[in-house]
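Just below is one structure, and these are the notes that go with it.
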Amino acid sequence: MSSTELPSVPAANVLPKVTPVRVAEGERLRSVGLPGITLSVRSRPPAREGLPPALYVHGLGGSSQNWSALMLELEGVLDGEAVDLPGFGDSPPPDDGDYSITAHARAVIRFLDASGRGPVHLFGNSLGGAVSTRVAAVRPDLVRTLTLVSPALPEIRVQRSAVPTALLAVPGVAALFTRLSRDWTAEQRVRGVTALCYGDPTRVSPEGFRHAVEEMERRQQLPYFWDAMTRSARGLVNAYTLGGQHALWRQAERVLAPTLLVYGGRDQLVGFRMAQKAARAFRDSRLLTLPEAGHVAMMEYPDTVSRAFRELLAYAEGSDGGGGSVGAPGGGVPVDAGASDSAAETASAGS
């Protein structure tokens, strides 16, 4: 093995026993075996029969738990499921060790094909936003609408605060960071992640913080934790360099599904300036900007994101929905997230 290769991790059937993953009240967790992967899927029983299906895809270092708040907000309009990507949450590593954007997209497609639930309302955050964009571009038959929260699409000028995350893709950096941070407690790690991902870390409740610490302690027991993080970061960076039909921005232009784009003004990982470019790239798009939100707006402002999605759903189903009509391809009309919500502002792609 060359010095630039990452060490292999134990097979899923010989992984050590760790603390069970948390399942919130009203949620269910099940394991789905597919060719080459096993996925953990979180769901909430729908409020009634016959609701349209939805699938939620988390970001780098996240899990299906990142969507619990929004799933609860939308349980009256969607039959929602949230997937743990291979190597994250409660899903074991993929058999082939492939954590590229294409591999993650393939995992989502395999799950949707096997479940027969498509087309779904597909949601993606950060890394999951890039994955969902690729899914929507290459398999439009599987996607009814697309909602992207701070999608990790290529940026020419990466924010300084995002550089440490990108550096995980560099061979040796993850091992170095692991050594330097070996004395950090789970609580210290969670405070760092919260400060990086939230526009206002005080919005995290004491109970939510405690649950996050427990989850961090659980993950640190997994021998593949840093492997999954590093390889996925490398896969994301590699995807940024692809050209032609595989380029993520080119694929964004190919998406046919009505799209809701959500960007936070205090996002330290995805540049707020990318909102306008995204609104122009996705041909049938609405843009919601939240000046006070960070990288995980669906966790900070689930009610606001929920209202914006309901308007998108109304449009997709052929009704007005109160949000105005979607403009011509590339228009990116603003979403009215509610005048009473001081956290929300709207912006059009033409401004």
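Only residues that are more than 18 Å from Ser43 (Cβ to Cβ) and either open to solvent by less than 10 Å² (accessible area, probe 1.4 Å) or not in a helix (DSSP H, G or I) (or both) were counted in the range 79-113, giving 14. Only one residue in Ala212, Ala247, Ala252, Ala186 is within 30 Å of Lys277 (Cα to Cα) and touching a helix residue (DSSP H, G or I) at 6+ places or on another chain (Cβ under 8 Å). Which one? Just one listed residue meets the conditions, Ala252.
Quick one: how many residues across the range 27-46 are open to solvent by 40 Å² or more (accessible area, probe 1.4 Å) and out of contact with any strand residue (DSSP E or B) (no Cβ under 9 Å at 6 or more places or on another chain)?
The first filter runs over the range 27-46 and keeps only residues open to solvent by 40 Å² or more (accessible area, probe 1.4 Å), leaving 28-31, 33, 35, 38, 45-46.
Still in the list and also out of contact with any strand residue (DSSP E or B) (no Cβ under 9 Å at 6 or more places or on another chain): 35.
Number of matching residues: 1.
Among residues of the range 244-281 being in a strand (DSSP E or B) and not polar (S, T, N, Q), the one that is farthest from Ala293 (Cα to Cα) is Leu260. Do you know which of the residues in the range 212-225 that are of a type outside the set (A, V, I, L, M, F, W, C), modelled with pLDDT of 90 or more and open to solvent by less than 40 Å² (accessible area, probe 1.4 Å) is nearest to Asp98 (Cα to Cα)? The residue in question is Tyr224.
Sort out which residues of the range 277-322 are among the aromatic types (Phe, Trp, Tyr), surrounded by fewer than 24 Cβ atoms within 10 Å (Cβ to Cβ) and farther than 20 Å from Ala257 by Cβ, and write them in order of number.
Start the filter on the range 277-322 by keeping residues that are among the aromatic types (Phe, Trp, Tyr), which leaves 282, 301, 309, 315.
Retained after the next criterion (residues that are surrounded by fewer than 24 Cβ atoms within 10 Å (Cβ to Cβ)): 315.
Hits for the range 277-322: nothing passes.
Quick check on Glu75: is it in a loop (DSSP other than H, G, I, E, B), over 30 Å from Gln221 (Cβ atoms) and free of Cβ contacts under 8 Å to residues at least 12 places away in the same chain?
Details: in a loop (DSSP other than H, G, I, E, B): yes; over 30 Å from Gln221 (Cβ atoms): yes; free of Cβ contacts under 8 Å to residues at least 12 places away in the same chain: no.
No; evaluated as a whole, the condition is false for this residue.
The residues of the range 243-278 that are more than 18 Å from the chain's Cα centre (by Cα) and small (Gly, Ala, Ser), listed by number, are Gly243, Gly244, Ala247.
Which ones in the range 47-66 are touching a residue at least 60 places away in the same chain (Cβ under 8 Å), open to solvent by 20 Å² or more (accessible area, probe 1.4 Å) and among the small types (Gly, Ala, Ser)?
Quick first cut of the range 47-66, residues touching a residue at least 60 places away in the same chain (Cβ under 8 Å) only: 52-63, 65-66.
After this cut, where a residue has to be open to solvent by 20 Å² or more (accessible area, probe 1.4 Å) as well, the list is 52-53, 60-61, 65-66.
Gly61, the sole residue that qualifies.
Anything in the range 180-212 that is β-branched (Val, Ile, Thr) and within 20 Å of the chain's Cα centre (by Cα)? List them, or say none. Answer for the range 180-212, where residues must be β-branched (Val, Ile, Thr) and within 20 Å of the chain's Cα centre (by Cα): Val190, Val193, Thr194, Val204.
The values are calculated or read from the model by the stated rules, or taken from the named source; none is laboratory data. If you're wondering where the values come from, they're calculated on a predicted model, not measured in any experiment. When we count neighbours, we look across all protein chains shown, and the Cβ atoms used for this are built from the backbone with ideal geometry, even at glycine. Remember, those area values only see protein heavy atoms, side chains included, never the ligands or the DNA or RNA. Shrake-Rupley method; radii C 1.70, N 1.55, O 1.52, S 1.80 Å.
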